[in-house]
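Beneath this line is the structure, given in structure tokens, with notes to follow.
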Amino acid sequence: MTDDKEIALPADPNDPEDRPVSKSGLVMAHRGRKLRMARAGLGLSQEAFSALLGVFSVELLSWEQARQKIPEDVFAKLLDIKASQ
């Protein structure tokens, strides 16, 4: 079974709106949180930080909310920005 399908956190059976979280979904959420925390640590708005990364602010929002996977080149750029601080 791949990480895309393997469940890391099962859904709460008492909550009809809860959904299970796959291992890859958990990684995506963690990376989105790291991105958001880095931006907040720099004191930048989403607009300013997205310009620094060279992406559209709507993309940054999707990554921070774990709606889309952060491309590896963008995540590498984030690590470079953090290292230069």
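The values are calculated or read from the model by the stated rules, or taken from the named source; none is laboratory data. What you see is a predicted model; the values in this text were computed from it and never measured. Neighbour counts are summed over all protein chains in view; Cβ atoms, including those assigned to glycine, are modelled from backbone coordinates with ideal geometry. When the accessible area is computed, the model is the full protein with side chains, heavy atoms only, and any ligands, DNA or RNA have been set aside. Shrake-Rupley method; radii C 1.70, N 1.55, O 1.52, S 1.80 Å.
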field: Under 27 Å from the Cα of Lys5 - lysines, other chains or at least 8 residues apart
entry: Lys23, Lys34, Lys69
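So what is the 222 nm mean residue ellipticity for the chain from helices alone, if each DSSP H run of at least 4 adds -39500 (n - 2.57) and you divide by all residues, rounding to the nearest 500 deg cm²/dmol?
On the way: 4 runs with 48 residues, N = 85.
Theoretical 222 nm ellipticity from helices: -17500 deg cm²/dmol.
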query: Tell me, what ³J(HN,Hα) does each residue in the range 61-69 have, in order and in whole Hz, if you take phi through Karplus 6.51 cos²θ - 1.76 cosθ + 1.60 with θ = phi - 60° and put x for Gly and Pro?
result: 4, 4, 6, 5, 8, 6, 8, 9, 6
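Leaving out ligands, DNA and RNA, and with a 1.4 Å probe, what % of the accessible surface on the chain is carbon or sulfur?
On the way: 3200 of 5890 Å².
Carbon and sulfur together cover 54 percent of it.
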Once exposed loop GluC sites (Glu not before Pro) are cut out (DSSP; at most 14 other Cβ, 10 Å), longest piece of the chain: 18-85
query: If amide H atoms are built 1.01 Å from N in the plane of the peptide, which residues on other chains or at least 5 residues away come under 5 Å of the amide H of Val21?
result: Ala8, Leu9, Ala11
task: Would you mind checking the range 49-71 for residues with the amide N under 17 Å from a putative spin-label position 7 Å along Cα→C-beta of Ser84?
output: 49-55
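Considering Cα pairs under 8 angstrom that are at least six residues apart, work out the relative contact order of the chain and quote it in whole percent. Provide the component values of the computation, followed by the final result.
Values: 75 pairs, mean separation 20.0, N = 85.
Normalised by residue count, the contact order of the chain is 24 percent.
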- prompt: What does the convex hull of the Cα atoms come to per residue for the chain, in Å³?
  reply: 108
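So with the 1.4 Å probe, I'd like the accessible area per residue for the chain, rounded to whole Å².
Values: 5890 Å² over 85 residues.
The answer is 69 Å² per residue.
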Chymotrypsin sites (Phe, Trp or Tyr not before Pro) restricted to the range 14-85 and DSSP loop, no more than 14 other C-beta within 10 Å: Phe56
